[in-house]
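A short write-up of the structure that comes next.
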Amino acid sequence: MPSSSAPAERGRPREFDIDEVTRAAGRVFWQQGYHATSIETLCKSTGLFRASLYSAFGDKHGLLVAAFGQYADGAVARVKERLEAAESPQEALRQALLHYTKVSARLSQRHGCFITNAVIELLPADEALRPHIETTLRRIASHLAAAVTRGQQAGEFNSTLDEQAVSTFLLCVIQGFRVLGKANFHEKDLVPIVEMTMRALL
């Protein structure tokens, strides 16, 4: 492997697809965690030499931040799409929560949610990543708040509910599903929580 001063042309050409590289690195961080992932593993997974990675991202942590941001953008977009997938805000929210019970119930055989994993592994010590995590969770909560507001306007949810408090409550439910799924809870264990949650909004 070339030293950090080696020209980028000896590795992958400089015109490499940075989104593709970020995505590949993100998969490694997701599977192994940040601390267990070595620069050598990242070089192998991305096809880049160390000098090219450092030139593009600064260091391993810079690559983590980029990978987290890319994953978070996709996750937030998927939440928004699910919450707007049905004409009835109540049904859209129910189906979104049921989706998370299915996904979470499979996490004991998988690597979990990248966002949840980052929170558990890296906070509170990682002050550089903290604002990215907090912003992502707030973005998800804002879409949940919008879904509650739509339900209130449609007469499907209790109009006296504070949508901000409810959105934080729903965020806790979703993240709780992730943690319970890693602890080998099954979908049948989680579905009743969805129904309890929906009744709390009526």
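The values are calculated or read from the model by the stated rules, or taken from the named source; none is laboratory data. Quick caveat, the model's predicted, so the values are computed rather than measured. Neighbour counts are summed over all protein chains in view; Cβ atoms, including those assigned to glycine, are modelled from backbone coordinates with ideal geometry. Side chains included, ligands, DNA and RNA excluded: accessible areas come from the protein's heavy atoms. Shrake-Rupley method; radii C 1.70, N 1.55, O 1.52, S 1.80 Å.
For this structure, a couple of remarks:
- The number of residues in the stretch 52-88 that are more than 19 Å from F114 (Cβ to Cβ) and open to solvent by 20 Å² or more (accessible area, probe 1.4 Å) comes to 10.
- Filter result for Q95 (farther than 19 Å from D162 by Cβ, modelled with pLDDT of 95 or more and open to solvent by 80 Å² or more (accessible area, probe 1.4 Å)): yes
- Sole exception among (1) out of contact with any Phe, Trp or Tyr (no Cβ under 6 Å at 6 or more places or on another chain); (2) open to solvent by 70 Å² or more (accessible area, probe 1.4 Å) for H111, by number: (1)
- Test: A141 is among the hydrophobic types (A, V, I, L, M, F, W, C), out of contact with any strand residue (DSSP E or B) (no Cβ under 7 Å at 6 or more places or on another chain) and either free of Cβ contacts under 8 Å to residues at least 24 places away in the same chain or over 25 Å from E87 (Cα atoms) (or both): no
- For the stretch 1-45, a residue qualifies if it is surrounded by 14 or more Cβ atoms within 10 Å (Cβ to Cβ), modelled with pLDDT of 70 or more and part of a loop (DSSP other than H, G, I, E, B), and the qualifying residues are F16, G33, Y34, T37.
- Looking across the stretch 52-87 at every residue that is in a loop (DSSP other than H, G, I, E, B) and among the acidic types (D, E), the one that is farthest from H143 (Cα to Cα) is identified as D59.
- Residues satisfying the criterion are absent from the stretch 101-108 (criterion: at pLDDT below 95, assigned to a loop (DSSP other than H, G, I, E, B), under 19 Å from G33 (Cβ atoms) and under 15 Å from the mean Cα position of the chain (by Cα)).
- Of the residues making up the stretch 114-142, those that are of a type in the set (V, I, T) and open to solvent by 40 Å² or more (accessible area, probe 1.4 Å) number 3.
- For the stretch 143-165, the candidate set comprises residues that are open to solvent by less than 60 Å² (accessible area, probe 1.4 Å) and not hydrophobic (A, V, I, L, M, F, W, C); within that set, the residue that is nearest to A72 (Cα to Cα) is H143.
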